[in-house]
Amino acid sequence: MGSFKLGKMTLGGLFKKPETTLYPIEKKTPPPGLKGHVVNHIDDCILCGICMRRCPTGALTVDRAEDIWSIDRFHCIQCYSCVRECPRHCLSMEPEYHFPSEKKFVSAYRVPPRKKPTPATKPAAPAAEKKEDPKPEEFQAEKPSEA
Ligand code: SF4
Ligand code: SF4
């Protein structure tokens, strides 16, 4: 009886649509509640480094010298701490599957340069009167004349 059931299931499996999807060729609809992956809206990031300090797995790096914010997605456990703690609210979790990869990599993003506040403009000092260089003939006139 048991082998009959098993045979029926095996035969049925040959003609049924596969249970798995051919991701990424086939797009998979994320189920409700999927945490997804961290996204930084990089234009608003001020490279303060709070997210890096709060990340329990060390997945985030903030390089202020190079203006780079980076994330090692292979170390991220989607705990949401960085999103919650970011003072600029530029981090969010996008409920999508990340593109698969054969190798581990770190995603790095360059923060665009910010506009510096322009200093208050002082009234321009009056331009000093420009003295013209003496003409060559004037030097010649000062030479003692030969008798
Ligand atoms: S906490 Fe927010 S603003 Fe600060 S470095 Fe991280 S992403 Fe950028
Ligand atoms: S979600 Fe958690 S583990 Fe992932 S980068 Fe943010 S703080 Fe780190």
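Okay, here's what the table says:
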quantity	calculated
Selected residue (only one of K28, K16, K8 is away from ligand 1 (no atom under 16 Å from the Cβ), touching a residue at least 24 places away in the same chain (Cβ under 8 Å) and charged (D, E, K, R))	K28
Residue match in the range 34-51 (condition: β-branched (V, I, T), away from ligand 1 (no atom under 16 Å from the Cβ) and free of Cβ contacts under 8 Å to residues at least 60 places away in the same chain)	no
Test: F105 is more than 23 Å from T29 (Cα to Cα) and out of contact with any strand residue (DSSP E or B) (no Cβ under 8 Å at 6 or more places or on another chain)	yes
Where a residue in the range 66-84 is in contact (Cβ under 8 Å) with a residue 12 or more places away in the chain and its partner, wherever it lies, is part of a loop (DSSP other than H, G, I, E, B) and of a type in the set (S, T, Y), with Cβ under 6 Å and at least six apart	H75/T57; I77/T57
Given (1) of a type in the set (A, V, I, L, M, F, W, C); (2) at pLDDT 95 or above; (3) away from ligand 1 (no atom under 13 Å from the Cβ), index of the condition C90 fails	(3)
Residue list for the range 56-84, filter: closer than 23 Å to K103 by Cα, away from ligand 2 (no atom under 11 Å from the Cβ) and touching a Gly at 6+ places or on another chain (Cβ under 9 Å)	V62
Pick from the range 64-84, criterion near ligand 1 (Cβ under 10 Å from one of its atoms) and surrounded by 14 or more Cβ atoms within 10 Å (Cβ to Cβ), ranking: nearest to the chain's Cα centre (by Cα)	W69
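For every residue, the table says whether it meets (1) more than 28 Å from the chain's Cα centre (by Cα); (2) not aliphatic (A, V, I, L, M).
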residue	(1), (2)
G12	yes, yes
Y23	no, yes
K28	no, yes
G36	no, yes
L47	no, no
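The values are calculated or read from the model by the stated rules, or taken from the named source; none is laboratory data. None of these values were measured; they are calculated from a predicted model. Every residue, glycine as well, gets a Cβ built from its backbone with ideal geometry; the counts of neighbours run over all protein chains shown.
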